[in-house]
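In what follows, a single structure is set out as structure tokens and then discussed.
The values are calculated or read from the model by the stated rules, or taken from the named source; none is laboratory data. Just so it is clear, the structure is predicted and the values come from calculations on it, not from any experiment. Surface accessibility is based on the protein's heavy atoms, side chains included, excluding ligands, DNA and RNA. Shrake-Rupley method; radii C 1.70, N 1.55, O 1.52, S 1.80 Å.
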Amino acid sequence: MKVILNDDVKHLGEMGDTKNVANGYARNYLFPRMLAVPYNAETVAYFEGKKAEIEARKEKKREESKSLKEKLEALSIELVMPAGSNGKLFGAVTSQTLSDYFKNNGYEIERKRIEVPGLTIKNIGAYSFKVHLYEASVAEVKLAVKAQPMEDTSKSSAKKDSKKQEKPAKEDSAESAKAEGEASAEKND
């Protein structure tokens, strides 16, 4: 069924676009929610009258996309992840990881718009990934994945040694208390 979109519909198109969709999708989803209208002479004439408004709206989106592209390309992201001594990450950097990073830093970028080379990054190093913006606009963002500093083994072994030394000290005090008790018992006899 041929329809004209009355509003932006995710994964389908924008206001004013003409699309071919399944009959059930149009009748059961698009029409009841007023997201689309049937394609006919009346609706075509109506949208021709709104053409200037629709173009102004698209131009605004293009400008926002251009501004965001400049911000993203100037950005250099540094992620610190747990990794082994060989540089292999415990886990991976995915589009979801980057989407969460953007969300925490004030950017609204969907995970599906982020294109990570090879789908995941599993080693430390310098990379770049793409963010698909409005229409054909794509931003190239730099990424540095670094290893999280591991706990120093000399400190952890020192902690273990100090715990071992504490236990004998407690045992010595218990033994000395026992010896004092025996000595006082002998004096009383």
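Residue pairs exceeding 25 angstrom between C-alpha atoms, taken from Lys2/Lys112; Lys66/Lys103; Lys2/Lys130; Lys19/Lys69; Lys19/Lys130; Lys10/Lys51: Lys2/Lys112; Lys2/Lys130; Lys19/Lys69; Lys19/Lys130.
Give the ranking of Met15, Met1 by solvent-accessible surface, highest area first, calculated with a 1.4 Å probe. Walk me through the numbers on the way to the answer.
On the way: Met15 20, Met1 80 Å².
So the residues, ranked largest to smallest area, are Met1, Met15.
For region 10-102, carbon and sulfur atoms together expose 52% of the accessible surface, with a 1.4 angstrom probe and every protein chain in place. Reducing region 10-43 and region 44-66 to their Cα centroids gives an inter-centroid distance of 18 Å. Can you pull a Stokes-Einstein diffusion coefficient for region 1-73 at 37 °C (0.692 mPa s), Rh from Kirkwood over Cα pairs, as a whole number of µm²/s? Stokes-Einstein gives a translational diffusion coefficient of 246 µm²/s.
Heavy-atom accessible surface of Asp7, to the nearest 10 Å², is about 60 Å², with a 1.4 Å probe and all protein chains retained. Each residue was assigned an accessible area with a 1.4 Å probe, and for Arg62 the value is about 80 Å².
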